[in-house]
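Undergrad: I am attaching a structure below and will ask some questions about it afterwards.
The values are calculated or read from the model by the stated rules, or taken from the named source; none is laboratory data. All values reported here derive from a predicted model rather than from experimental measurement. Please note: Cβ atoms are built from the backbone with ideal geometry, for glycine as well, and neighbour counts cover all protein chains shown. Heads up: the accessible areas ignore ligands, DNA and RNA and are worked out on the full protein's heavy atoms, side chains in. Shrake-Rupley method; radii C 1.70, N 1.55, O 1.52, S 1.80 Å.
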Amino acid sequence: MDQKTALEQLILSVQKPGRYVGGEPGSIVKDKNEVSLRFAFCFPDTYEIGMSHLGMKILYGLLNAQPDIWCERVFAPWVDMEEKMRAQGMKLYGLESFDPLDEFDIIGFTLQYELSFTNILNMLDLGGIPVYSKDRPGLKNLVIAGGPCCCNPEPIADFVDLFQLGEGEEMLPEICRCYQDAKERGLSKEEFLLKACQIGGVYVPAFYDVEYFPDGRVKSITPNRPGVPAVVEKRIIQDLSTAYYPKNFVVPFIDTVHDRAILELMRGCIRGCRFCQAGFLYRPLREKSAEVLCRQGKDLCQSTGYEEISLSSLSSSDYSEIEPLLDQLYDYTQENHINLALPSLRIDNFSEELLDKIKAVRRSGLTFAPEAGTQRLRDVINKNITEEDIFTSCRLAFEGGYSAVKLYFMPGLPTETMYDCEQIIDLAQQVVGLYHRCPGRNKDRGVNVTVSVSTFVPKPQTPFQWFGQDTLDQIVEKQLHMKDCITSKKISFKYHASKTSVLEAVFARGDRRLCDVVYNAWKKGCYFDSWDEHFYFDRWEQALQEAGLTVWFYANRHRELDEIFPWSHLSYGVSEAFLKREWEKAQKAQTTPNCRQQCAGCGANRLLARKEGKCVE
Amino acid sequence: MSEAMPMERETELPIEQMPNLRLFYRKRGRAKYISHLDITRCMQRSLKRAGLPVWYTQGFNPHMYMTFALPLALGYESDYECMDLRFTHLMDFEEIQSRLNAALPRDIQVWKVDFQKEKPLAITQADYRLTVYPQDPERFRQEFSAFCEQPEILTQKRTKKGMKTVDLKPEFTLLGHQTEGERCILTLRTTAGQKNFNPTLLTDAFWAASGQTGYVQVLRTAVYAGEKLFE
Ligand code: SF4
């Protein structure tokens, strides 16, 4: 049997073969002899998750728009496929060419969540590439990574040659050019990295030495080569309206998590919720013009044939041109049999006419994220939503025939007491009561209020980076107590596996000493850690213990205001002084107005070249 | 390939009088990994990309009206796939074919556009070409053809109500068998339509009875309504 037939037999013997075959409309096949750089864009999770990710679509389109670069996609094969691949000695391959990973020049990973770290090791290994940077002496198979977890990539610093801080649309092509130049001139990996670290946003972990105090805290982080920047600052795109945006997406054959056209309204968020890492990482706010969005939406729908288009941003109600945008998009989508998926919007100031139109659009269920059960705690986290807001919207929805509401909460927030947890259930109880008092409710159906809780994980580059997470015992105690407080059958209670939140907290604020823990845990069979059925906390505990490290040190310990963080040399534009101010205000339950009301002086405006450094009009 | 359409765009008929169109296409290569459900979505999106005036059903949840004649199992290839749909106005068949082919994935290509002649219920039989990779091709060929000669071929079939014993003999005719290097090519005519028959059921029955093993590739080559090709 030839190679092709063998591969076919293998693929047909696993679940969802469509994950492993490529060939989708919009995928790009080039002649490998006509390009000077082959880039493998790797998403360290399954095809269905990776293919839903907007960042990958943007960078795939952007790189392939360069005639001399060919970018392919690589996803983590599910365990059934991996097992067969390993049994037959088949390497992980790019979906466009089927060529093995070790034939690519640059292997680029996107780091979306901490629990995908082990998948990076597994994918490299399956692709025939040594996992430790030091075991890859040549320029070929350069391993790079971008995405939000680069704000503290230290737990995987030994595996990745180069991290990209911030947005990639300009930085990634610059890195590729630098690489092509190095390849042509026959430079060594070290010579290339020295040049690359001059590119704004590029962080080469091997060029920094980390010293520790005997108790394990970081003592210093210093560049170990001349010319290496002491602090790496993230890159941003200045103007979203003129930035590259793909006119086409790869349209998958199989069902993926989000399979539709996506419009990116803006980057950044004016709200400043103190627990929200994205809110700080993507500052300052930059909006794309409604006109550009409409054009991009039409282009995308025409080239993909998608039957649904959705709007993406951290808080779409805050998009200043939301009304004209919806107005225009609505007409286009109606004419073309396209469903306009609306995010949950604050609609108080929309015109009657637009409200009527929107009503006609089918909406997904009603969801709110109050995050905390009391106003005091919502002030601590600066979450600008009141009980009255929730009740008003629920009443409107119930009158309109809705009978199901989903409420999201985050137990474990700083200053939280049992009372705050009890009030989560009380809030749900009040929504149930509201339904029964609502004259226009759907009398055929009973109300259902889902309370979904996921434990708070303190994240770097936020005002809560100093705060220690609840211990596992505390997390479980709170969850059980909340469950006990429920008296109504109308309330369903959903909580997320607490041990994954603990591991997430360890990585989020971890240091380089965790690299060997990641490696050893992977060797013990840990990967796909974000999949509950694949999560082995005992193996992680064992790996930590073998390295003489503890969960407590990374996750539960409160950090002093003057502690040097493992990520102190990485800047996301938001000043440490501002984060400290916010942390102190949080502990006094004082709120901070949003950026449109009043600039809080976070410092991110320094990244803007225009508007004399003013973020919003 | 297809006959030219005499009607012009202007001659719009009321939708209930619009004839059903039938698209004949190939599903080859990487397209074999796409399940029937996913093919439906892929076709919808391709029709949209091609900008063709497909008719949507009316009502609360309008969707493209389309039906497929004989759903193909995942992993099979086919040269004879049919899809019926309706347009809001008629167009030149050649143009439909070329616009749609430009929008379809490389491995799914339309080879004929025509009016629907028979209803899908008229389907009675289908032809398949099986490429088998056995351990010993010549031994396989001889034993398999002898296996098919038996008066009765009983095997276990998984149904909704559990395992059931069925006789495969009345469901197929072995039209040909020959070895080609490491492979053996079989041609089969099977019952199809109301009573469907997956050719790998037969090879699986043979593997179970003989103790041999092998990998089987399936290609559907034709679909019949009685004695004639299904059109
Ligand atoms: S500089 Fe001011 S307006 Fe800009 S993001 Fe920071 S707080 Fe908001």
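Undergrad: So which lysines pass the test for residue A:189, namely a Cα distance under 19 Å, with those fewer than 8 places away in the same chain ruled out?
TA: Straight-line reach from residue A:189, under 19 Å: A:134, A:140.
Undergrad: Can I ask one more? Shape call for region A:443-582 from the C-alpha gyration tensor, a ≥ b ≥ c root eigenvalues: rounded (a/c under 1.5), prolate (a/b greater than b/c) or oblate?
TA: Cα axes put region A:443-582 in the oblate bin.
Undergrad: Compute the accessible area of each residue in region A:241-259 twice, once for its chain alone and once with every protein chain present, using a 1.4 Å probe on heavy atoms, and list those whose area falls by at least 40 Å².
TA: The answer is A:253.
Undergrad: Give me the number: length gained by fully extending residue A:258 to residue A:531, i.e. 0.36 nm times residue separation minus the C-alpha to C-alpha distance, one decimal in nm.
TA: The span from residue A:258 to residue A:531 would gain 96.5 nm if fully extended.
Undergrad: Rank these residues by their accessible area, most exposed first, probe 1.4 Å: A:599, B:82.
TA: Output order, biggest surface exposure first: A:599, B:82.
Undergrad: Between their Cα atoms, which of A:57/A:247; A:499/A:524; A:57/A:84 are more than 21 Å away from each other?
TA: A:57/A:84
Undergrad: With a 1.4 Å probe and every protein chain left in place, tell me how much accessible area residue A:421 has, in Å² to the nearest 10.
TA: That residue has around 0 Å² of solvent-accessible surface.
Undergrad: Which residues, if any, in region B:206-231 have at least 10 Å² less accessible area in the whole protein complex than in the isolated chain, probe 1.4 Å?
TA: Listed in order, they are B:215, B:217.
Undergrad: Accessible area per residue for the protein assembly as shown in Å², computed with a 1.4 Å probe and the full protein assembly in place, what is it?
TA: Result: 42 Å² of accessible area for each residue.
Undergrad: Roughly how many Å is it from the Cα centre of region A:311-333 to that of region A:442-490, as a whole number?
TA: Centre-to-centre distance over Cα atoms comes out at 31 Å.
Undergrad: Follow-up question, since we're still on this one. Ordering A:476, A:502 by accessible area with a probe of 1.4 Å, largest first, what comes out?
TA: These residues rank, largest area first, as A:476, A:502.
Undergrad: What FRET efficiency would be calculated for the residue pair residue B:106, residue B:15, taking the C-beta separation as r and a Förster radius of 35 Å, to the nearest 0.05?
TA: 0.60
Undergrad: For the residue pair residue A:388 and residue B:135, what label-to-label distance in nm results when each label sits 7 Å from Cα along the Cα-to-beta-carbon direction?
TA: Calculated label separation equals 8.1 nm.
Undergrad: Then there's this: Using a 1.4 Å probe and counting only protein heavy atoms, how much accessible surface gets buried when B and A come together, both sides summed, in Å² to the nearest 100?
TA: Interface area, both chains combined: 2400 Å², rounded to the nearest 100.
Undergrad: Sorted by accessible area with a 1.4 angstrom probe, largest first, how do A:16, A:523, A:189, A:490 fall?
TA: The most accessible residue leads, giving A:523, A:16, A:490, A:189.
Undergrad: List, by residue number, every residue in region A:1-46 with a reduction of 30 Å² or greater in accessible area between the chain on its own and the complete protein assembly, 1.4 Å probe.
TA: A:1, A:5, A:8, A:9, A:12, A:17, A:21, A:23, A:25
Undergrad: Same structure, new question: Would you kindly state how much longer the chain becomes between residue A:588 and residue A:474 on full extension, computed as 0.36 nm times their sequence separation minus their alpha carbon distance, in nm to one decimal?
TA: Residue separation times 0.36 nm, minus the Cα-Cα distance, leaves 38.8 nm.
Undergrad: Please report, in debye to the nearest 20, how large the charge dipole of the protein assembly as shown is about its Cα centre when each Lys and Arg carries +1 at its beta carbon and each Asp and Glu carries -1 there.
TA: Taking the Cα centre of the protein assembly as shown as origin, the dipole is about 900 debye.
Undergrad: Would you mind telling me the share, in percent, of accessible area of the protein assembly as shown contributed by carbon and sulfur at probe 1.4 angstrom?
TA: C and S atoms contribute 50 percent here.
Undergrad: Beyond a 26 Å Cα-Cα separation, which of these cross-linked pairs lie in this structure: A:195/A:523; A:195/A:288; A:16/B:117; A:406/A:443; A:298/A:459?
TA: Listed pairs above 26 Å: A:195/A:523; A:195/A:288; A:16/B:117; A:298/A:459.
Undergrad: Can you give the calculated 222 nm mean residue ellipticity of chain B, where each DSSP H run of n ≥ 4 adds -39,500 (n - 2.57) and the sum is split over every residue, rounded to the nearest 500 deg cm²/dmol?
TA: Helix contribution divided over all residues of chain B: -7000 deg cm²/dmol.
Undergrad: So in chain A, what percent of DSSP beta bridges are antiparallel if you round to the nearest 5?
TA: So the antiparallel bridges amount to about 20 percent of the total.
Undergrad: Residue A:529: accessible area at probe 1.4 Å, nearest 10 Å²?
TA: 0 Å²
Undergrad: Could you grab the relative contact order for chain A? Cα pairs under 8 Å, six or more apart, rounded to a whole percent.
TA: Once normalised by length, the contact order is 14 percent.
Undergrad: Can you bin region B:122-229 into rounded, prolate or oblate? Criterion: square roots of the alpha carbon gyration tensor eigenvalues sorted a ≥ b ≥ c, rounded for a/c under 1.5, prolate for a/b above b/c, oblate for the rest.
TA: Oblate shape, in that a/c is at least 1.5 and b/c is the bigger or equal ratio.
Undergrad: Taking the Cβ-Cβ separation of residue B:150 and residue A:436 as r and a Förster radius of 56 Å, what is the calculated FRET efficiency to the nearest 0.05?
TA: Between residue B:150 and residue A:436 the formula returns 0.20.
Undergrad: Rounded to the nearest 10 Å², what accessible area does residue B:159 show when all protein chains are kept and the probe is 1.4 Å?
TA: The value for residue B:159 is about 50 Å².
Undergrad: Continuing with this model, one more query. Before rounding to the nearest 500, sum -39500 (n - 2.57) across all DSSP H runs of length at least 4 in chain A and divide by the residue total; then give [θ] at 222 nm in deg cm²/dmol.
TA: Rounded to the nearest 500, the figure is -10000 deg cm²/dmol.
Undergrad: How high is the relative contact order of region B:15-117? Use alpha-carbon pairs under 8 Å, at least six apart in sequence, and give a whole percent.
TA: 48 percent
Undergrad: Hey, which lysines would be in cross-link range of residue A:588, C-alpha to C-alpha under 16 Å, not counting anything within fewer than 8 residues on its own chain?
TA: A:383, A:580
Undergrad: If you average the alpha carbon positions of region B:156-221 and of region A:156-223, how far apart do those two centres end up, in angstrom?
TA: Measuring centre to centre over Cα atoms gives 58 Å.
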